Amino acid sequence: MDVKISQCFIAVDDPDKALAFYRDVLGLEVRNDVGFEGMRWITVGSPTQPDVEIVLEPPVADPNAPAADRLAAAELLAKGLLRGVIFRTDDCDATFERIRAAGAEVIQEPMDQPYGVRDCAFRDPSGNLLRFNQPRNQ
């Protein structure tokens, strides 16, 4: 049996801002962009990983969700508490400079970690935590 990651999900409160960040700043390709009942799902991925996709989705992907649920999800998203993704890069410092120059909120500048990577961290336009790491043996 061979089990692999196919998709992961990131909640976004503004699909257009998220698209601009993930496509234009991070360089991910857009694979799908679907609307349904006033909501929008955008699938992006690295050109070098055709089998792995990130789905940018509404914080509550249910058009019938109670207003209290929508508010709770929006508050958690604003605090950066819903999701996070770790990306691998071959040059942490250059990646950091590119993302910082695009205006992303810096959480952590590049640093060597005791668990064998050099990494940095940002928040995407919706507040999600994104880390970028480079194995130190590179």
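Read the figures in this text as sums done on the coordinates, not as results from a lab. As the structure is a prediction and not an experimental result, all values here were calculated from the model.
Things worth noting here:
- Computed from phi, the 3J(HN,Hα) profile of the range 123-130 under the Karplus parametrisation 6.51, -1.76, 1.60 (θ = phi - 60°) reads 10, 6, x, 8, x, 5, 7, 10 Hz, with x in place of Gly and Pro.
- Relative contact order [Cα under 8 Å, 6+ residues apart], the chain, whole percent: 23
- Quotient of C-alpha Rg and 2.2 N^0.38 Å, computed over the range 1-85: 1.15
- Where only DSSP H runs of four or more residues are counted, the chain gives -5500 deg cm²/dmol as its mean residue ellipticity at 222 nm, each run worth -39500 (n - 2.57).
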